[in-house]
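Worksheet: the structure to be examined is printed underneath.
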Amino acid sequence: MRIFPSRKNKRLEARLVHEAQLVQADNAVSKVLPVEERATVQSREQLQVGQMRGRIWLCLCAFMIVFSGLSLRLADLTIIGSGKPEELQVRSAQAPQDQRPLILDRNLNRLAMNQEVIGAGIITRDVWDAASTARQLVAVFPQMDEQALKQRLLDRKYIPLTDSLTEDAYQKLAALGLPGVEFSTTVKRVYPQGAQAAHVLGYTVPGRGGVAGLEKVVDQTADREPLVSSLDIRVQQILEEELWRTSNEFSAVAAWGVILDVTTGEVIAMASLPEFNPNEPGESNVSSWRNRAMYDVYELGSAFKILTAASALEAGVTDTVRQYDVRHPLQVRNRVISDYHPKGGYMTLSEIMQHSSNIGMARIALDLGADTLALYLKALGLTAPLSTELPEQRAPLLPARWGEVETATISYGHGIAVTPLQLAAAISATINGGDYIKPTFLQRGKPDDEDKTALFSAETSATMRLMLRKVITDGTGRNADVPGYYVIGKTATADKPSPYGGYKQDERLSSFVGAFPGYDPKYLVLVSFDEPQPTAETYGYATAGVVAAPAFRRIVSRSAPLLGIQPVADDLAFAQFMSAFRERQEIRLALAPQGAVSQHTDVPPDEVAKLLAELGP
């Protein structure tokens, strides 16, 4: 019976056999070769033996280095890591990613941040009992199918459970101590405000970075300092809550809103419904990702009357005393223009605004002319995509030609489609003293000269504020009034265009755009509701006056105190409304030759008296 030799004996035996072969070869060479050549062969063989021994020592040294490193790592895990036996040791799945900077609101509240999270997965080859493991995992993750999970465990492929465990799930899973379950740490982008301001913030995709909103802006800046946005998360919450409230009340299919600082161009809040949660964007429908206030274009109806009126006043083609015939529908070539609620008779510009007369505004636009109206709309940023820091932008839909029909219909918001933010920025210029200010989503305070363009005079702007106040006191916007703030604004009910031409009679957009405080505007609010349905409480109506105006009122009453704006007494509001006229007249009188009477005052005394009477309580 033969005994199997050990590895050491085998190596000794092989070495003896190799040496014997060398001796035999040497003897054979000695017999054949001369003495000189025999010496050369022996030297070459000795060199080869030396090289072989060097390679062996090199491999041995490399092996010892690797073995030593593994030993040190093992000691670190078993000795150093065991210093906290009560804590489960968590394996780092990847090196920390490049730290994205914080995104903050204007009050330095966190909107987007980085957070280390614990994930979990299963190394199936280490699982002892697939059925038992599946049963225990379903107790922690009830949304999982036990039989499907069991089958996956038997497939012997790695199973990722989640990349972000809650604290409760982590504790439960760790307590089970299941073989094969591993934990990993990753750095994840999180949004502590949830779905609030989601369309402005955007979201990130691992490996791609920001794909929308301010997250895209972060990728385009080398600065790693926190990004301070123009948003106020408190006001943002109010805007979203009121949009939801009204949408539910009137069963609207969508809604959007913008709150803009008219003196700086800063976007204080912006919302689109339906919304999505940027922490889990994949759980929402793709249509929820759209920033409707920035990327969608709409025919926003009578809100355009504000722009037409301001342009006509500035161009000098109308004033506040001229009257227009609105007794009958207006025929413009092949188009007949009528009013939704005909009042008849003759109307001033202020009355046309109060009662939202399409006929009267079309007559004013025809006096203004197509070319002049187009120039004003261009200066107001309504004929090209609105460029802001956010990547989302959309070109407006303009008429192919600007003839008489197009001029008449555009005057009241039909035949031209723009984004809600574009319209908000344009209307701000008519009430803030006359400056068009490019909107921004970053906190900037006073706008730079290149972001501001003077378009309207102080008198035109003051006149617009007075007329828009009359819309609230004596017109279609009564439901928007907020005591003490003297809000100004305009209703806008627009039929939705049909893809087959014309307009749908049973589908509409109900909007309200207004500002507060009306005597010295600081903030503009635009809210719109897509296809609101009539209710019994509104007696079958779903127009802007009963849908959007009350939403505007609630937004202002809730947000104004947070923004530091308090109600004022009537006499102070009255003086502020008239200050622009009085200052202008004082300048005119001071510049006139001594003893002479000015032949041109922008607002004659009798007209001032009329405006004072129209202001209302």
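The values are calculated or read from the model by the stated rules, or taken from the named source; none is laboratory data. Being a predicted model, the structure only gives us computed values, none of them experimental. Positions of Cβ are generated from backbone atoms using ideal geometry, with glycine treated the same way; all protein chains shown enter the neighbour counts.
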Yes or no: segment 358-379 includes at least one residue that is in a loop (DSSP other than H, G, I, E, B) and surrounded by 17 or more Cβ atoms within 10 Å (Cβ to Cβ).
no
Evaluate the following for Gly207: is it outside any strand (DSSP E or B) and out of contact with any Asp or Glu (no Cβ under 7 Å at 6 or more places or on another chain)?
yes
Filter result (of a type outside the set (Val, Ile, Thr) and within 29 Å of the chain's Cα centre (by Cα)) within segment 143-197:
Asp163, Ser164, Leu165, Lys188, Arg189, Tyr191, Pro192, Gln193, Gly194, Ala195, Gln196, Ala197
Can you find even one residue in segment 490-510 that is surrounded by 23 or more Cβ atoms within 10 Å (Cβ to Cβ), touching a Lys or Arg at 6+ places or on another chain (Cβ under 9 Å), modelled with pLDDT of 95 or more and over 17 Å from Ser247 (Cα atoms)?
yes
Name every residue in segment 471-489 that is surrounded by fewer than 21 Cβ atoms within 10 Å (Cβ to Cβ) and on the phi > 0 side of the Ramachandran plot, in order of residue number.
Gly484
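Within segment 315-373, can you find the residues that are of a type in the set (Gly, Ala, Ser), in contact with a Phe, Trp or Tyr (Cβ under 9 Å, 6 or more places away or on another chain) and farther than 26 Å from Gly514 by Cβ?
Ala370 - this is the single residue of segment 315-373 that is of a type in the set (Gly, Ala, Ser), in contact with a Phe, Trp or Tyr (Cβ under 9 Å, 6 or more places away or on another chain) and farther than 26 Å from Gly514 by Cβ.
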Step by step: first the residues of segment 250-300, then only those that are under 15 Å from the mean Cα position of the chain (by Cα) and among the β-branched types (Val, Ile, Thr), then the one that is surrounded by the fewest Cβ atoms within 10 Å (Cβ to Cβ). Which residue is that?
Val286
Answer yes or no as to whether Gln331 is outside any helix (DSSP H, G or I), assigned by TED's automatic domain parsing to the domain that holds Ile410 and within 30 Å of Gly213 (Cβ to Cβ).
no
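Would you mind finding the one in Thr430, Thr419, Thr409 that is in contact (Cβ under 8 Å) with a residue 60 or more places away in the chain and under 19 Å from Ser461 (Cα atoms)?
Numbers: Thr419 fails: under 19 Å from Ser461 (Cα atoms); Thr409 fails: under 19 Å from Ser461 (Cα atoms).
Exactly one of Thr430, Thr419, Thr409 is in contact (Cβ under 8 Å) with a residue 60 or more places away in the chain and under 19 Å from Ser461 (Cα atoms), namely Thr430.
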Note on segment 489-504: residues within 19 Å of Val547 (Cβ to Cβ) and out of contact with any Asp or Glu (no Cβ under 9 Å at 6 or more places or on another chain) are Gly489, Lys490, Thr491, Ala492, Thr493
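Filter segment 161-200 down to the residues that are among the acidic types (Asp, Glu) and under 30 Å from Gln237 (Cα atoms), then identify the one that is modelled with the lowest pLDDT.
Per the stated criteria, the residue is Asp163.
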I need a count of the residues in segment 94-153 that are in a strand (DSSP E or B) and within 20 Å of Pro192 (Cα to Cα).
12
Identify all residues within segment 321-349 that are farther than 24 Å from Asp495 by Cα, surrounded by 12 or more Cβ atoms within 10 Å (Cβ to Cβ) and at pLDDT below 95; write none if there are none.
Val321
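Yes or no, residue by residue, for (1) surrounded by fewer than 24 Cβ atoms within 10 Å (Cβ to Cβ); (2) in contact with a Lys or Arg (Cβ under 6 Å, 6 or more places away or on another chain):
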site	(1), (2)
Ala197	no, no
Gly207	yes, no
Lys216	yes, no
Thr221	yes, no
Leu227	yes, no
Asp232	no, yes
Val235	yes, no
By residue number, the members of segment 511-524 that are hydrophobic (A, V, I, L, M, F, W, C) and either under 13 Å from Met464 (Cα atoms) or modelled with pLDDT under 95 (or both) are Ala515
Look through segment 417-442, keep the residues that are within 15 Å of the chain's Cα centre (by Cα) and of a type in the set (S, T, N, Q), and return whichever of them is nearest to Ala400 (Cα to Cα).
Thr419
Out of curiosity, is Tyr412 within 16 Å of Leu300 (Cβ to Cβ), modelled with pLDDT of 95 or more, among the hydroxyl-bearing types (Ser, Thr, Tyr) and under 31 Å from the mean Cα position of the chain (by Cα)?
yes
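From the set of residues in segment 134-181 that are farther than 15 Å from Gly121 by Cβ and acidic (Asp, Glu), which is surrounded by the most Cβ atoms within 10 Å (Cβ to Cβ)?
Selected residue: Glu146.
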Restricting attention to segment 424-455, and to residues there that are under 14 Å from Glu389 (Cα atoms) and in a loop (DSSP other than H, G, I, E, B), which single residue is modelled with the lowest pLDDT?
Arg444
